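Before any comments, here is the structure.
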Amino acid sequence: MKSAIHDTFGEPVDVLETKIIDTPEPAAGEVRVKMLLSPIHNHDLWTIRGNYGYKPELPGAIGGSEAMGTIDAVGAGVDSSVIGQRVSIAGVHGTWAEYFIAPATGVLPLPDAISDAMGAQLIAMPFSAISLLEMLQAKQGDWIIQTAANGAVGKIMAVLAKSRGIHLLNLVRRDAAVAELTELGIDNVLSTSDADWKSKAQALIGKTGAVSAIDSVGGDLAQDLTDLLGANGELVVFGTATGAPLPLSSGTLIMKQITVKGFWGSKVSSDMDPAQRVRLITELVTLAAKGELTLEDGGVYGLDHLSEAMTAALTPGRAGKVMLRP
């Protein structure tokens with residue numbers, strides 16, 4: 001089978017190669033999935049560079065961690081009636097291949113109302129977003145601030161917050177991103193490139209401030225977020241687009257008694273109670289089936305065009321996740 005393999009850590013465009021390897025066989029309790037679409041996530045790129053929390057064994061590591069496809073073989077103890085079923089899965093390794101192995105209990109059957117492009121990215125980013133929202137202090141009627149609102153998680157968060165009656169202030173770094181989100185029907189969007197964005201933000205949120213703030217950018221913006229938080233607010237670090245450290249004011253943190261913490265979706269997901277996981281995934285699937293949660297792709301590339309795909313995934317301003325297909 002074709003697969004996207006790296007034998008060393010490094011920039012994906014430099015180290016990923018299309019190779020032909022043996023098609024894997026499912027063991028007991030596993031299924032083999034024929035991949036139809038697999039997204040390129042930022043954490044996939046970090047993994048290939050060797051600077052993510054998970055490091056695959058080298059050489060011969062296959063990229064990818066989420067995909068949708070059809071089950072084409074099952075291992076011992078798995079009901080063969082699932083063969084041919086259209087499914088989605090995340091949190092696995094090696095999805096950038098014509099076939100990959102997944103635990104039978106981990107795949108999510110996809111209803112016909114959910115498209116292939118939606119199904120391929122239904123779990124990782126949406127589940128991270130809904131898990132994060134679940135963890136936050138903010139409840140119905142409260143305000144949350146999020147940076148990188150034009151990213152995949154940001155757009156999903158806008159849908160989820162609205163469905164739960166939570167107010168959301170959406171921060172972006174470009175005026176073009178404001179127009180993009182506004183066109184999608186997302187409210188309360190401000191560009192941090194505007195000189196007076198903080199005063200506009202404060203006017204929207206009100207004097208009591210926001211209950212929660214989510215930062216996916218890093219750098220000086222984190223201090224601005226704490227300025228906009230109210231007493232006993234929380235700053236949750238979800239990502240770092242800039243890679244810059246957070247220069248926070250001790251005085252602001254002390255006087256407002258602000259909590260600062262990180263969020264790693266993989267860890268949160270692995271520690272989550274199974275019943276809670278089912279409840280949150282059901283909420284996502286319901287929103288998707290109703291058409292309230294929509295996810296676009298940012299272009300589809302075959303496994304023979306890895307360099308172009310990786311370049312596209314690193315290009316700002318794309319409409320959605322870049323996808324790989326067989």
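The values are calculated or read from the model by the stated rules, or taken from the named source; none is laboratory data. Treat the numbers as computed from the prediction; the structure is a model and nothing was measured. Ideal geometry is used to build each Cβ from the backbone, glycine not excepted, and the neighbour counts take in all protein chains shown. Note: accessible area is taken over every heavy atom of the protein model, side chains too, but ligands, DNA and RNA are not part of it. Shrake-Rupley method; radii C 1.70, N 1.55, O 1.52, S 1.80 Å.
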Computed ³J(HN,Hα) along the range 157-167: with the Karplus parameters 6.51/-1.76/1.60, θ = phi - 60°, integer Hz and x for glycine or proline, the list is 4, 4, 5, 5, 4, 4, 5, 9, x, 9, 6
Sorted by chain and then number, the residues having a modelled amide H within less than 5 Å of the amide H of Val74, at least 5 places away or on another chain, are Arg32
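Ratio of alpha-carbon Rg to the 2.2 N^0.38 Å globular estimate for the chain, to two decimals, please.
My calculation over the Cα atoms of the chain gives 1.03.
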tail above 22 Å in the computed P(r) of the range 1-146, as % of all Cα-Cα pairs, reads 46 percent
Output ordering of 124-130, 72-78, 41-47 (per-residue mean of other Cβ within 10 Å, highest first) is 124-130, 41-47, 72-78
Rounded to whole angstroms and listed largest first, the alpha-carbon spread of the range 85-235 along its three principal axes comes to 52, 32, 30
Helix-only [θ] at 222 nm, the chain, -39500 (n - 2.57) per DSSP H run of 4+, per residue, nearest 500, equals -9000 deg cm²/dmol
Probe 1.4 Å, heavy atoms of protein chains only: per residue, the accessible area of the chain in Å² is 44 Å²
Cα-based Rg and Dmax for the range 1-76, in Å, come out at 13.3, 39
Note on the chain: contact order normalised by length, alpha-carbon pairs under 8 Å, 6 or more apart, percent, works out to 17 percent
Rounded to two decimals, the Rg over Rh value of the range 151-304 from Cα coordinates and the Kirkwood Rh reads 0.98
Of every hundred units of 1.4 Å-probe accessible area on the range 1-122, the number belonging to carbon and sulfur atoms, as a percent, is 51 percent
Expressed to one decimal in nm², the mean projection of the alpha carbon convex hull of the range 149-236 is 5.5 nm²
Log entry: pair-distance distribution for the range 109-170, C-alpha pairs binned every 5 Å from zero, whole % per bin is 4, 17, 28, 23, 14, 9, 5, 0
Restricting to aspartates and glutamates and to Cα separations under 12 Å from Lys198, and discarding same-chain partners fewer than 8 apart, the set is Asp224, Asp227
Once phi for every residue in the range 246-258 is put through the Karplus expression 6.51 cos²θ - 1.76 cosθ + 1.60 (θ = phi - 60°), the whole-Hz ³J(HN,Hα) values, with Gly and Pro written as x, are 9, x, 8, 7, 4, x, 5, 5, 6, 5, 8, 6, 7
Rounded to a whole %, the carbon-and-sulfur portion of the accessible area of the range 188-326 at a 1.4 Å probe is 55 percent
